[in-house]
Amino acid sequence: MRYFVGNWKMFGVPNSIGILNKINRFVSKDKNNKKYRVLVSPPFTLLESFSKIFKKKAIRIGSQNCFHKDYFSSNTGAISPYMVRKVGAEFIIIGHSDNRAEGDSNKLLQKKVLFSIKNNLKVIFCIGENKTEKRKKITGKVLKSQITKVLIKKFNGKNIILAYEPIWSIGSGKIPSEKDLIGTIRLIKKTLKKIFGTKSVPKVLYGGSVDSKNIKNFKKIIELDGFLIGGASKSSKNFIDIIKNYYR
Ligand code: PGA
């Protein structure tokens, strides 16, 4: 099973449903649709309406983030995993580099993962090295630490999908070389196996400047279980072309 996950970030108003209607129509008729799943994460403001509309349809709706408390609290502006689950979200992105840059520490991220799983949300946990770390050749060390400081055996690997997103690649048009990416994905899977065991090792996605042209470079990397797509997920044509070109 492959995953194509759209991350809308700060994009979208009620009218943007048109984009998802087109993607949903494509997926429901696609001859390859048994081979993959499409998940899209609009902003909080659209979660309830979009989740309702796509409840029994081909695509799934999830959240981009949450506050690190389980249920209700007195934190102004905060939204808990319980609240996103209650409006229909089925999964949640946690640990995106945008949020890490805003102060999400490993400790805080672990709480977000814990409470999300508790509320029956599938967690897409993001990790990735920055440009300096890549240059210093400490990518492996950085990723291992990001994984082992947050993910623990009791979470059960089946509740988690890992997304490897090099920070230097997000929105830059740059993607890792095939050799680097294969090496990194193998290291990530090895680290995950140590935590969760071979039977419930999480799927691993790649994210960062994935588009309908460069998707063909990723096709041959069989270790990859799918993609987390930012910019290109805001256009139905670009998103659909990514899926089409992946299976071409
Ligand atoms: P991008 O974003 O595809 O626009 O590079 C990916 C992400 O940040 O999840």
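Over the chain, dividing the summed -39,500 (n - 2.57) contributions of all DSSP H runs of at least 4 residues by the number of residues returns a 222 nm mean residue ellipticity of -11500 deg cm²/dmol.
Overall shape: oblate for the range 134-176, with the ratio a/c of the largest to smallest alpha carbon gyration tensor axis at 1.5 or above and b/c at least equal to a/b.
Counting only protein heavy atoms and using a 1.4 Å probe, what share of the accessible area of the range 120-170 belongs to carbon plus sulfur, as a whole percent? Solvent-exposed carbon and sulfur of the range 120-170 make up 51 percent of the total. A Cα-only calculation for the chain places Rg and Dmax at 17.0, 51 Å. Once the C-beta distance of N33 and K220 is scaled by a Förster radius of 30 Å, the resulting FRET efficiency is 0.85 to the nearest 0.05.
For the range 132-213, a/c is not less than 1.5, where a ≥ b ≥ c are the root eigenvalues of the C-alpha gyration tensor, and a/b tops b/c. That puts it in the prolate class.
Excluding the site residues themselves, the longest part of the chain lacking any GluC sites (Glu not before Pro) in a DSSP loop with at most 16 other Cβ atoms within 10 Å is 103-222. When the solvent-accessible area of the range 30-72 is split by element, carbon and sulfur atoms take up 58 percent of it, the probe being 1.4 Å. A 1.4 Å probe run over the protein chains yields, for the chain, 50 Å² of accessible area per residue, whole-number rounding. Taking a ≥ b ≥ c as the square roots of the eigenvalues of the alpha carbon gyration tensor, the range 105-248 is prolate, as a/c is not under 1.5 and a/b beats b/c.
Note on A58 and T148: the model spin-label points, each 7 Å out from Cα along the C-beta direction, lie 4.3 nm apart. Among the listed pairs K153/K203; K154/K189; K154/K203; K107/K203; K144/K190, a Cα-Cα separation exceeding 21 Å is found for K107/K203.
Between S49 and F72, full extension at 0.36 nm per residue minus the direct alpha carbon distance yields a gain of 6.1 nm. The simple Förster model, with R0 at 22 Å and r as the Cβ-Cβ distance, assigns N120 and K199 a FRET efficiency of 0.60. Under 18 Å from the Cα of K158, which aspartates and glutamates turn up, not counting those fewer than eight places away in the same chain? The reachable aspartates and glutamates, counting only those whose Cα sits under 18 Å from K158, are E90, E223, D225. In straight-distance terms, cross-link reach from K244 covers every one of the lysines whose alpha-carbon lies under 16 Å from its own, apart from those fewer than eight places away in the same chain; here that gives K22, K29, K31, K34, K35, K213, K216, K219, K220. Applying a DSSP loop filter and a limit of 12 other Cβ atoms within 10 Å to the chymotrypsin sites (Phe, Trp or Tyr not before Pro) in the range 56-145 leaves Y71, F72.
The values are calculated or read from the model by the stated rules, or taken from the named source; none is laboratory data. Because the structure is a prediction, the values reported are computed rather than measured. Reconstructed Cβ throughout: ideal geometry from the backbone, glycine too, with neighbour counts over all protein chains shown. Heavy atoms of the whole protein, side chains included, go into the accessibility calculation; ligands, DNA and RNA do not. Shrake-Rupley method; radii C 1.70, N 1.55, O 1.52, S 1.80 Å.
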